[in-house]
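Q: Before I ask anything, here is the structure I am working with.
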């Protein structure tokens, strides 16, 4: 049974969310959330990278192009980066990304940037659940879908 979400039937639709997380803080925080059995939406697929500064904006664009409805980028808190200044580089890079996403027709509310430490399993749970709810409200990425993006 196929549901056409463009007609407003979003009850059966579930968003696909890709999370690019740093190995040292957010990944460990996500692991803590899982081992603590915190209730989280199952929509997020985690991709572990050494640092949030290693997330190239093209990774985010490719995620949308390949069917993601939302993206989370998360790393260490300011001043706590394992590589000293990695999260500063990430912040600068992603301030420019907002303009590019707007140009592409992707709502900036589909991308979440969060700083989650290794001891913040509860915060990771909140990021996942809030992002999933927001993206579900927005529906699928129609802009890329209409331009021939993979679905």
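A short reminder: the numbers here are calculations on the coordinates, not readings from a lab. Just so it is clear, the model here is predicted, and its values are computed rather than measured. Ideal geometry is used to build each Cβ from the backbone, glycine not excepted, and the neighbour counts take in all protein chains shown.
Q: Taking 0.36 nm per residue of sequence separation and subtracting the Cα-Cα distance, how much length would be gained by fully extending the chain between residue 91 and residue 137, in nm to one decimal?
A: 13.9 nm
Q: Same structure, new question: For the chain, with a Gaussian network of springs between Cα atoms less than 10 Å apart, report the residue from 60, 96, 17 with the top mean-square fluctuation.
A: Highest fluctuation of the listed residues: 96.
Q: Considering the chain as a Gaussian network with a 10 Å cut-off on Cα pairs, which listed residue, 49, 97, 58, attains the greatest mean-square fluctuation?
A: Largest GNM mean-square fluctuation: 58.
Q: Which order do 104, 40 fall in if you start with the one that has the fewest other Cβ atoms within 10 Å?
A: By the 10 Å Cβ count, ascending, the order reads 104, 40.
Q: Would you mind telling me which residue in 15, 50, 140 has the biggest mean-square fluctuation in a Gaussian network model of the chain, where springs connect alpha carbons within a distance under 10 angstrom?
A: Evaluated over the chain, the most mobile residue of the options is 50.
Q: Neighbouring Cβ atoms within 10 Å as the yardstick, rank 20, 59 fewest first.
A: If I rank by nearby Cβ atoms, fewest first, I get 59, 20.
Q: Turning to a different aspect of this structure: Within region 29-64, list the residues whose amide N lies under 20 Å from a label point set 7 Å along Cα→Cβ of residue 99.
A: Zone members listed by number: 56-62.
Q: Also: What is the Cα coordinate range of region 14-143 on the first, second and third principal axes, sorted by size from largest, in whole angstrom?
A: Here the spans come out as 37, 32, 18 Å, largest first.
Q: Order by neighbour count: 124, 13, 24, fewest other Cβ atoms within 10 Å first, most last.
A: So the residues, fewest neighbours to most, are 13, 24, 124.
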